[in-house]
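The values are calculated or read from the model by the stated rules, or taken from the named source; none is laboratory data. Computed from a predicted structure; not experimentally measured. Because the Cβ atoms are built from the backbone with ideal geometry, glycine has one as well, and the counts that use them run over all protein chains shown.
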Amino acid sequence: MVENRPWLTVFSHLVLILGIGVVVLPLWVTLVSSTHAGEDLLRSPIPMWFGNQMFENYSQMLSSGMKHVSGQPLTGMMLNSLIMALSIAIGKIAISLIAAFAICYFRFPFRMTCFWLIFITLMLPVEVRILPTYEVIANVFTPLTKLLALLGYEGTDVVIAGFSIDLDVSMLDSYAGLTLPLIASATATFLFRQFFLTVPDELTEAARIDGAGPMKFFRDILLPLSRTNIAALFVILFIFGWNQYLWPLLVTTDPSYATVVMGIQRMVNVADIEPQWNLVMAASMLAMLPPVAIVIGMQRLFVKGLVETEK
Amino acid sequence: MIKRVTFRHKWLPYALLAPQLLITLIFFIWPASQALYQSVLQQDAFGLRTAFVGLDNFAYLFSDPIYLESFDVTIVFSVAVALLSLSFALMLAVMADRIIKGATTYKTLLIWPYAVAPAIAGVLWYFMFNPAVGINAWILRTVFGYDWNHTLNGTDALLLIVIAAAWKQISYNFLFFLAGLQAIPRSLIEAAAIDGASPFKRFWTIIFPLLSPTTFFLVVVNIVYAFFDTFGTIHATTRGGPAGATNTLVYKVFNDGFIGLDLGGSAAQSVVLMVIVVTLTVVQFRYIERRVEY
Amino acid sequence: MANLQISGVEKVYPNGFKAIHGIDLKVEDGEFIVLVGPSGCGKSTLLRMIAGLETVTGGTIQIGDRVVNDLEPADRDIAMVFQNYALYPHMSVYQNMSYGLRNRGFPKAAIEERVQKAASILQLDGLLDRRPRQLSGGQRQRVAMGRAIVREPAAFLFDEPLSNLDAKLRVQMRVEIKQLQRRLGTTSVYVTHDQIEAMTMADRLVVMNAGVAEQIGTPIDLYEKPSSVFVGGFIGSPAMNFMPGQVEADGRHLTLADGSRLVLPADGRTVEPGRSVTIGVRPEHLMPSSDTDSALKFEIVLVEHLGADTLLYGLASAVQGAGEGGLLTVRMSGHHVMPAGTVIPLVADPSHLHLFDVATGRRI
C-alpha cells in the first residue's frame, strides 16, 4: 500500500470479514437448517448450529423427494439439470465456434446480414418473447405452417414426393425443448470472433502452405488454440444453463423433466402449511452445489470467462 | 471485422452458420416478430376472431393503473438493487484492493454467490426473513421491535426481493470493481499521497473518478439484471404480491400471458420490454465503443 | 528443384490501388534472389503472390514448367518462412515440422526420416518435443526453416525472416541460412528491407520501389553501377552522397554549386556539355586533396570512429547550393583524429562518379 498505516489495514480486514459474513450468512443458515429435523425449524429462533438429521434429510430428498409435492426424487431433477446445463454449454460453444469461424474466415454474400441476425439475439432475451417462443416449442413447425398458410396452404401436413410429412412436432416436455431455444448465443459467437481476430494471419497462411483446407485448419489449429477460451466459456455457460428457471417452468409439465432449480419453488409454495424448511434447505444445498463447486474449483477460468463475455 | 487471410469456399460458410441461424430464426426472430404482430391485434372473448387494433393495446397498457404500478415497482426495484449491490461491492473491492495478505481467500469467499440461481437466492432469503421462523425476522422482532411480514406488507416484500437479488449480484460487481481498481496506475495514487491527500480524500478525488467507466458499465449491467434475470427470485418467493408490490414487468408479462392468457396485451408488454432491452443494449455498446477509444 | 519465372506480374487491389506495376524476373534453378526495398514498395506482395497468398491480377508466375497463378499455396510446391515464424504454438517442434507432410499423406517412416534429417542439419535434435514458446528466438527461426526444409520444395520463400532477431543473432542466422541454401541448392526468394542482409545473401538482388523493379543484378553490379538515384541511395551504407552539377564545355569536367570542379570519368562516355546532372559519389570515394582551389569545401561537424574506418559528417555548400551547405559523408580507412570545425578540401575518385539525369533519376 501507499503508506504504512496499520490501523487502515486492520480496518480493511475488518470490513472484508463483516462483508463476507453478510455474503456467507445465507449459506450458513441453509447448511445448518438442512441438518435438523423438521420440527426444530418450527419455532423461533431456529438453531444456528448443526443438527443430526443431515443424512436423513439429504437421503430422503435424493431418493424420494418431498411427499406432498409430487414426490419427485432430487436425483432425477439434478440429472435433468445436468443434461440441460451440459447441452446448453456444449451446444452453445459448438455452434458459436463454427459460426464465428465462418464469419471471420470467409468472405461470402450476406456475411454482414448473418452477423446482424446473430447480433440481434442479444436484444431478445427469453423473458421478452415468452409466449410466442412457447408456441414454437409447442409446435416447432409453427413458423413454417404459418408461412405456408400465408402462401395459401392450410394444414399441418406437407406432401413431398409422395411422402407425407407431419408438420406438428411438439417439443414440450423434452430435452430438446428445454435446451434448443437457449442454445443460440450472440455472446459466445462474439467472444470467439474476438479471439479469432487476435490469431495471427501468418498461422493461417502457414497452414495453407502446409496443405490444410479450412476445416483442417479449424480442427488442427484454431480449435486447440481456443482451448482456454472454450473452458472459460464453458464455466459461465454451465452456470447459466444449470440456473435456468423461467424456461423449464414453461416447457415442462411432466415432473420427470423438472430441473432442480425450478423444482424447488414447488416445495416452497405449498398452500396453507409451512414448508418443510429442513428439506427445502437440503434441496437448495444440492441445487447450489454443482455450479458453486465449479466457480470455486475453476476460479481463474470463471473470472476470465466473466470478463471476456462482457467485452 | 474479418481476417485479412480468408478461405474460399462456395457453401461451407453457410453450412457453418446454418445451425446458429436456424435456431436464431426459429426461436428468436420468429417469436419476436410474432410478438410485434400480435401486439397490434386483439382477440375476442372466445378466441375465435382477431382484429387489427393498431396501437390500442399499447394505449390500453399505458392507461392501465396496474401496468403503470408495475412499471414503478420495476424501476424502484432495479434502482434499489443496483444501488445496494454496487455500493456494497465497491466497499469490499476497495478494501480488498488495499490488502495483500489473504486477498485470494476473501475473493473466493465473495464470488460464489454468482453461481447461485436467482430462484434459489430468493428461497434462501425468503427463509431467513420468514415471519414465523426466519432468523432475520426474529432479529428484527426481538432487537428492533419490527414485525417483518413480507406476505402482508408490500414494502417488506419488495425489500426482500431487493436484498435477495442484490446479494447474488455482489460477486459480479465485486470482481469488476476489483479489476477496475487494479487497473488504476499505482503511480497516480502515490502521487496523490505525496500531494498530501488522505486515503479517504484519495478515494473520492482520484480513485472514484477513474473508476467511473467501470461504474457506469456496472450500472447498466445491474439494471439489465434486475429487469430480466430476477424472474426466478420473484416467482419462487412473493409471486408478485402482496397486492402487486413485487409485480415487476417481466413477472407481469409471464403472468398475463400464461395465467391470464391475454394474448394481445401480453404481446404489447413484450414489445415494451424489447424496446427497453434495445435501449439498454445500445447504451451499453455506446459505452464500450467509447472505452475502446481510451 | 526448379526455376521460377515471373512475367509481367501486376497486382491491383479491389480498391484500385496498384501495388505491383508489371515485374519480369527469371530465377535460375538454385539461385538465391533477394527482393529489397523500403516498406510499402511491394516486395512482400510479390513474394506472397509467388506463394499463392495473394491473387495475381496480371501476368503469370511459373514454377518449374507449371503456371501456378490459380493454384492453391499448398499445390505450388513451395515452402515459406514467415517474419514472426508462424509456428503453431500448441504443437511440438516435431509436429510443427511434420504437419505439412502429414497433410500430404506421407507415410510415417518417411516423415520421421525427413524430420530427423532436417533436425540434425539445423541442430534441433534435442528440441523436437519442445513447444515453440520454450525455444529461444534463434531456435524458433531454425524450426521455421526446418518446416520448410522437410518438404523438399521446389522453392523457398522467405518473408523478412530475421527481422525479429537481435543484431548479433541476425548476422549469425544470415550466414546459416545462406550456407544451408547453398548446401541444399534450393531456389530461394528472400524479402528484406535491410540492404546489408540483401547484399550479403543474394546471388542477385531485385531493388524495388513503388511497385517497380528499379534494378536487377548482382550485389556488386548494383553497388558499382546503380541504375538510378534510388538504387544508388538505397544500396550501400553510409548512403551515397548526391549533389547537383553541370557538365562543362570541355565535356570532361563538372562544375558544382559552390564553384568547385570534379573530373569526369575518362571511360569513353560522352556527356553533352552544359547538361545539368545529379552527381552520386560514395563516401569512400571522396578524399582529402591538396589542391585547395578547385576542391570541394567540407566543414566537419561530427566524426565517428569505427576502428577500421573513420566516418566524417560535415557540411558542404556544393550539396545544397551556395550559402547554406548540405550534409556530406566521407569515409576514410584507418583512424584519423580531426576536430569538428575543420575545413578540408575534398576531391572525388573520377572512376567512381555516378551521373544521373536530373529529371528522371536514371543513370547516364
inquiry  = Please go through segment B:1-28 and give me each residue that is more than 7 Å from chain A (Cβ to nearest Cβ) and farther than 13 Å from A:Cys104 by Cα, ordered by number.
reply    = B:Lys10, B:Trp11, B:Ala15, B:Ala18, B:Leu22, B:Leu25
note = The condition of being of a type in the set (Gly, Ala, Ser) and surrounded by fewer than 22 Cβ atoms within 10 Å (Cβ to Cβ) holds, among C:Ala79, C:Ala2, only for C:Ala2
task = May I ask you to verify whether B:Ala96 is facing chain A (nearest Cβ under 8 Å), of a type outside the set (S, T, N, Q) and farther than 25 Å from A:Pro181 by Cβ?
result = yes
request  = Taking A:Met61 as meeting all but one of (1) more than 25 Å from A:Leu223 (Cα to Cα); (2) assigned to a helix (DSSP H, G or I); (3) within 10 Å of chain B (Cβ to nearest Cβ), write down the number of the exception.
outcome  = (3)
query = In segment C:187-215, what residues are part of a loop (DSSP other than H, G, I, E, B) and surrounded by fewer than 23 Cβ atoms within 10 Å (Cβ to Cβ)?
reply = C:His193, C:Asp194, C:Asp203, C:Ala210, C:Gly211
message = Looking only at segment A:266-292, how many residues end up being part of a helix (DSSP H, G or I), surrounded by fewer than 23 Cβ atoms within 10 Å (Cβ to Cβ) and at the interface with chain B (Cβ under 8 Å from one of its Cβ atoms)?
response = 2
query = In segment A:113-156, how many residues are assigned to a loop (DSSP other than H, G, I, E, B) and among the acidic types (Asp, Glu)?
reply = 1
request  = Quickly run through segment A:1-17 and pick out the residues that are farther than 17 Å from B:Asp97 by Cβ and either modelled with pLDDT of 90 or more or among the hydrophobic types (A, V, I, L, M, F, W, C) (or both).
outcome  = A:Trp7
inquiry  = So if I check each of A:Arg193, A:Arg208, which one is charged (D, E, K, R), at the interface with chain B (Cβ under 10 Å from one of its Cβ atoms) and more than 26 Å from C:Met97 (Cα to Cα)?
reply    = A:Arg193
remark   = A careful count of residues in segment C:92-113 that are over 21 Å from C:Thr187 (Cα atoms) and facing another protein chain (nearest Cβ under 8 Å) gives 3
query = Mind checking whether some residue in segment B:66-79 is out of contact with any Cys (no Cβ under 8 Å at 6 or more places or on another chain), over 19 Å from B:Thr248 (Cα atoms) and away from every other protein chain (no Cβ under 11 Å)?
reply = no
message = Which count do you get for residues in segment C:29-54 that are farther than 17 Å from C:Asp203 by Cβ and away from chain A (no Cβ under 14 Å)?
response = 7
query = Can you name the strands (runs of 3 or more DSSP E) wholly within segment C:298-364 that have at least 1 residues being of a type outside the set (A, V, I, L, M) and under 20 Å from C:Phe234 (Cβ atoms)?
reply = C:309-316, C:326-333, C:354-357
ask   = Regarding C:Leu157, is this residue surrounded by fewer than 20 Cβ atoms within 10 Å (Cβ to Cβ), farther than 18 Å from C:Tyr94 by Cβ, of a type in the set (A, V, I, L, M) and within 26 Å of the chain's Cα centre (by Cα)?
value = no
Unmet requirement for B:Phe62, which otherwise passes all of (1) without any contact (Cβ under 8 Å) to a residue 12 or more places away in the chain; (2) within 14 Å of chain A (Cβ to nearest Cβ); (3) aromatic (Phe, Trp, Tyr) = (2)
inquiry  = As an exercise: evaluate B:Leu21 against (1) in contact with a Leu (Cβ under 7 Å, 6 or more places away or on another chain); (2) in contact (Cβ under 8 Å) with a residue 40 or more places away in the chain; (3) not charged (D, E, K, R) and give the number of the one condition it does not meet.
reply    = (2)
request  = Please state which of the following conditions C:Asp250 fails to meet, knowing it meets all the rest: (1) in the same structural domain as C:Leu328 (by TED's automatic domain parsing); (2) crowded, with 23+ Cβ neighbours inside 10 Å.
outcome  = (2)
